[in-house]
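The values are calculated or read from the model by the stated rules, or taken from the named source; none is laboratory data. Predicted, not measured: the structure shown is a model, and the values here were computed from it. Glycine gets a Cβ as well: all are built from the backbone with ideal geometry, and neighbour counts include every protein chain shown. Surface accessibility is based on the protein's heavy atoms, side chains included, excluding ligands, DNA and RNA. Shrake-Rupley method; radii C 1.70, N 1.55, O 1.52, S 1.80 Å.
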Amino acid sequence: MMQAVVLFGSPGSGKGTQASLLKNCLKVPHISTGDMLREHIRKGNALGVRVAATMHAGTLVRDEVVDQLVEERLAEPDAQAGFILDGYPRTRAQAEHLIGWLDGRGIRELVIHLVVDYNVIVTRLSGRRQCPLCGTLYNVVSNPPRVEGLCDLDGQALAVRDDDREPVIRQRLAEYESQSRPLIEFFREKGRRLFEIDASNRTPEALLSQVCSTIKSGWDRPPGLSVEG
Ligand code: ADP
């Protein structure tokens, strides 16, 4: 069966961490619009140049741009058995675009909403570090690397993302509140399978086991909202 999973949640809710852990157990690719956009910026190509200022300000890139990016990515051979979307959709227009794409292909998706307390989020985001080489995420408080400042996997010096600085964090959270949070109601209204999981006070591993069991049982659940543990 096609494993189409949408990880939804505020910046700092742990979507990226869960998605990268999940791709090992689901064997489907992790598609992060944020990572794809950052990769274009790193390469310095035309798209990267166009989106750099928007991303550094913590505001959202235009729907048409991300819709196209995702559609192209979903057409790749490795996404044919399924995929984990992380950071998409983030606006109503994107959600409509995705639903149209899925329904047009008869693909059912599960939306997993990672629910996290606002204060926890701010603390997490300001402590976040990322390996510039492999993208692995760490947190100075909750998930430090074995050697301070260095990636466990490749020894690269960890970096603070440009948009993980205080004023930009606030802007990203404001964008989430105004543009993305209303999608929960939208998914519910549209009868999509939506699961809420409390992601505030759990280790990534404990959260992963909850997310995995939700995904396993989720396909047989009736459409609409379910609140998980
Ligand atoms: P986070 O979810 O922690 O904010 P991401 O890496 O998902 O981090 O996104 C970083 C930035 O990339 C966003 O602030 C936004 O500028 C841009 N971006 C990512 N996904 C989208 C999207 N679906 N629509 C518009 N902009 C996006």
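One residue alone among Leu110, Leu74 is of a type in the set (A, V, I, L, M), more than 16 Å from Phe186 (Cα to Cα) and either open to solvent by 50 Å² or more (accessible area, probe 1.4 Å) or modelled with pLDDT of 95 or more (or both), and that residue is Leu74.
Taking each residue of region 21-33 that is closer than 26 Å to Leu60 by Cβ and looking for partners that are within 16 Å of the ligand (Cβ to nearest atom) and of a type in the set (Phe, Trp, Tyr) with beta-carbon atoms closer than 6 Å, six or more apart or interchain, yields Val28/Phe83; Pro29/Phe83; Ile31/Phe83; Thr33/Tyr88.
Within region 11-31, which residues are part of a loop (DSSP other than H, G, I, E, B) and more than 13 Å from the ligand (Cβ to nearest atom)? Result: Lys27, Val28, Pro29.
Residue-level check: of (1) touching a residue at least 24 places away in the same chain (Cβ under 8 Å); (2) within 20 Å of the chain's Cα centre (by Cα), Gly224 misses just (2). Taking the conditions (1) outside any strand (DSSP E or B); (2) within 16 Å of the ligand (Cβ to nearest atom); (3) in contact with a Phe, Trp or Tyr (Cβ under 8 Å, 6 or more places away or on another chain) in turn, Ile112 satisfies each one other than (1).
Taken together, the residues in region 129-166 that are outside any loop (DSSP other than H, G, I, E, B) and touching a residue at least 60 places away in the same chain (Cβ under 8 Å) amount to 4.
Of the residues that sit in region 119-146 and are open to solvent by 40 Å² or more (accessible area, probe 1.4 Å) and of a type in the set (Gly, Ala, Ser), which one is modelled with the lowest pLDDT? Filtering region 119-146 for residues that are open to solvent by 40 Å² or more (accessible area, probe 1.4 Å) and of a type in the set (Gly, Ala, Ser), the one modelled with the lowest pLDDT comes out as Ser142. For region 174-191, the count of residues that are within 20 Å of Gly87 (Cβ to Cβ), open to solvent by less than 30 Å² (accessible area, probe 1.4 Å), touching a helix residue (DSSP H, G or I) at 6+ places or on another chain (Cβ under 8 Å) and at pLDDT below 95 is zero. Could you check, for region 72-95, whether at least one of its residues is part of a helix (DSSP H, G or I), touching a Lys or Arg at 6+ places or on another chain (Cβ under 9 Å) and within 14 Å of the ligand (Cβ to nearest atom)? The answer is yes, given that some residue of region 72-95 is part of a helix (DSSP H, G or I), touching a Lys or Arg at 6+ places or on another chain (Cβ under 9 Å) and within 14 Å of the ligand (Cβ to nearest atom).
When you look at Gly34, is it open to solvent by 10 Å² or more (accessible area, probe 1.4 Å) and either of a type in the set (Ser, Thr, Tyr) or within 10 Å of the ligand (Cβ to nearest atom) (or both), yes or no? Yes. In region 50-57 there is at least one residue that is β-branched (Val, Ile, Thr), within 8 Å of the ligand (Cβ to nearest atom) and open to solvent by 20 Å² or more (accessible area, probe 1.4 Å).
Just the residues that are assigned to a loop (DSSP other than H, G, I, E, B), farther than 17 Å from Leu21 by Cβ and open to solvent by 40 Å² or more (accessible area, probe 1.4 Å), please, taken from region 194-227. The answer is Asn201, Asp220, Arg221, Pro222, Pro223.
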